[in-house]
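Heads up, the thing below is written out as structure tokens.
The values are calculated or read from the model by the stated rules, or taken from the named source; none is laboratory data. These numbers were taken from a predicted model, which means no experiment stands behind them. We place every Cβ from the backbone using ideal geometry, glycine too, and count neighbours over all the protein chains shown.
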Amino acid sequence: MNRMATRIRRASFATLLGLCASSAFAQSPAEFINDASAKGMADIETSRLAHQKSESKEVKDYTIIVINDRTTANQHLAKIAKQLDLPVAPREEVVDKAKTLMPPVQDGATFDQAYAASQVKTTQEAIEQLQRTAQTTDVPEIKAFAEETLPKLQNHLQMAKALQASR
């Protein structure tokens, strides 16, 4: 097994452990916003890198959609936090968390494969988080955000699976 696959598996396992631990208790609205924002930033930055590195038109088109949708979602989360006067983590802390969530990247032909696989995994995780939040939150703005964002992420997942299958 190559190093990239091993790194992706390890990162996925660590993320899965974190998700299991966080699902044992409901997140506060501020925790949800900080976590979702960090995951969104990681997705945006990974997609920007993929847009630069990939030579595939399919991958480039997909990255533009992800970047636009996740940027819009993060802006919406920031507005919700402001509306609700929530204590959110400083930007630097969210950026640092986002960096730890980004999968390691490799050059060459396997880059697109690794990116597509990573997108399937991280998008599934984001969908699960939003579904869980939509079911458990008592904050109407966050529930509305989750319900509005889910179809976009489900579309991302379908597209990422198609990219993965074509690689």
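Computed quantities for the displayed model
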quantity: Some residue of the stretch 84-101 being outside any helix (DSSP H, G or I), at negative phi, over 14 Å from the mean Cα position of the chain (by Cα) and modelled with pLDDT of 90 or more; calculated: yes
quantity: Which listed residue, of Thr63, Thr46, is in contact with a Pro (Cβ under 7 Å, 6 or more places away or on another chain) and surrounded by 15 or more Cβ atoms within 10 Å (Cβ to Cβ); calculated: Thr46
quantity: The stretch 122-156: number of residues that are surrounded by 17 or more Cβ atoms within 10 Å (Cβ to Cβ) and touching a Ser or Thr at 6+ places or on another chain (Cβ under 7 Å); calculated: 7
